[in-house]
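Remarks on the structure that follows.
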Amino acid sequence: MIPSALWILLLYVRLAPALHNRSERISVVLSHDATFKTAAPVRSLWSDNVSRLIRRQSGAHNVEPGTPALPEGAVVGEVVFAVRLRKLGLTSIAGIVGAYWVTVFRETSKESPGEDRSLLSAAPQALPWMVLSLILSIFNKWIFIPSGADFPYPLTLSCCHMFTTSLVLHSLRLFKPSLFPGLREGLRSDWETFRAVLLVGGLLAVSVVLSNSAAMLLSVAFINMLKGGNSLFALALGLAVGTTQWPTALQLMWPVLIISAGAAATIHGELYLSHVGLLLLVVAILVEQFRLVLFKSMMSETGLKLDPLSALSLFAPVAFLVAAPFALGELRAAVHVLDPMRGSALILNALTAVTLNVAYSRLLKVASPVTFTVFGTAKDVATAGLSLCIVGGVVTPLQLCGYGATLFGMLQYDRTKRQQAGAQ
């Protein structure tokens, strides 16, 4: 599995120059994404000019030659509004990240009961993960696109995420070792443990890199549509590796099918298809589902019995070491474009990724891989609904049916999980 993961990364590195050479076409694709559309073409034009002004860190008189003229007095007002909005957005993200870490520090080291909860009982761990995942997906896209931070280097961004995760967790371990009971009590130092850590860390690197790369080439609408089938992937993989029994899978099959179909029906926006992006996303989904099963098994009572923070502190350095050599090709260009604005945005983005990884691990501790992906589908549907609220537009009857079907499927899934728990 590890050689296969390295081959996938090598394939991406061979394709990377072509991806960056097509950055202009990619930016056009992203600008047509429903999640980032504005209400009117004029507003979109103003936003593009505002972004240029902000990145140049200059006044209104530095508009580039050839820029279409804006209404008199509009540029200064738009610049002030955009700067305030950006500061408000980044401050809000920092506040959410800080608030979540307060809950982590206050939580006792006692193990949470149950490793396969229903949707309702796992909701306290799921809601922070859903919110942080939504924030980071939009934040990453803003980092990549020319009208945002204009930093189209997914390998470098992925390495920043994994390095920061390793640095934060191991620094935290020095100051508050009680948060890492799995490492404090000692870890088996045999070949099986080493192989498991290396495998999960390698899959983490491949999954993060391919997901960030696919985000450059595909619209959010298309990504959400394809991710709607994650629950089916997880259920099929559980059957293949033996972690899910056939009677259990048959009971969960219909709710999962309803959820996936409903999620696909809620998608709106331009479903732009890039064959390279589609390939990267499909491989990323398959790798992520396999990693979910392995990660869950290592935190279970029948595995290494690791707590979420201990498990993540083991996997993140491995993921960084696997991905770092492949990021060297774009590192020089990435460093060349860094400035205070991009640097501060990247630091906050990396800290958000660390927090998301912690929330991810804590949720997976109390939920099965299938339940985890059901929450992921709910998050994608919520993203589509939020996009409609922000962007505006008419909700079609098909989308209404999709929202209803997704909600009905989740209720049925939760009911089935409760029945299975009561029968045990």
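Observations
- Full extension of the chain between Leu167 and Thr103 gives 21.0 nm of extra length, using 0.36 nm per residue less the Cα-Cα distance.
- Computed across the stretch 307-424, the Kirkwood radius stands at 18.4 Å (inverse of mean 1/r, all Cα pairs).
- Each Lys and Arg contributes +1 and each Asp and Glu -1, all at the Cβ; summed about the Cα centre of the stretch 302-367, the dipole is approximately 180 debye.
- Ranking of Arg418, Arg332 by count of other Cβ atoms within 10 Å, fewest first: Arg332, Arg418
- Residue exposure sequence - Asp307, Asp339, Asp380, Asp150 - by fewest surrounding Cβ within 10 Å: Asp339, Asp150, Asp307, Asp380
- When each of Lys87/Lys227; Lys176/Lys417; Lys365/Lys417 is checked by Cα-Cα distance, pairs over 26 Å: Lys87/Lys227; Lys176/Lys417
- Full extension of the chain between Arg195 and Ala421 yields a length gain of 78.1 nm, computed as 0.36 nm times the residue separation minus the alpha carbon distance.
- Sorting His161, His170, His275 by the number of Cβ atoms found within 10 Å of their own Cβ, with the fewest placed first, yields His275, His170, His161.
- Projected label points at Arg184 and His336, each 7 Å from Cα along the beta carbon direction, are separated by 4.9 nanometres.
- The stretch 299-417 - charge dipole about Cα centre, Lys and Arg +1 at Cβ, Asp and Glu -1, debye rounded to 20: 160 debye
Read the figures in this text as sums done on the coordinates, not as results from a lab. Nothing here was measured: the structure is a model prediction, and the numbers come from that model. Positions of Cβ are backbone-derived with ideal geometry, glycine not excepted, and every protein chain shown enters the neighbour counts.
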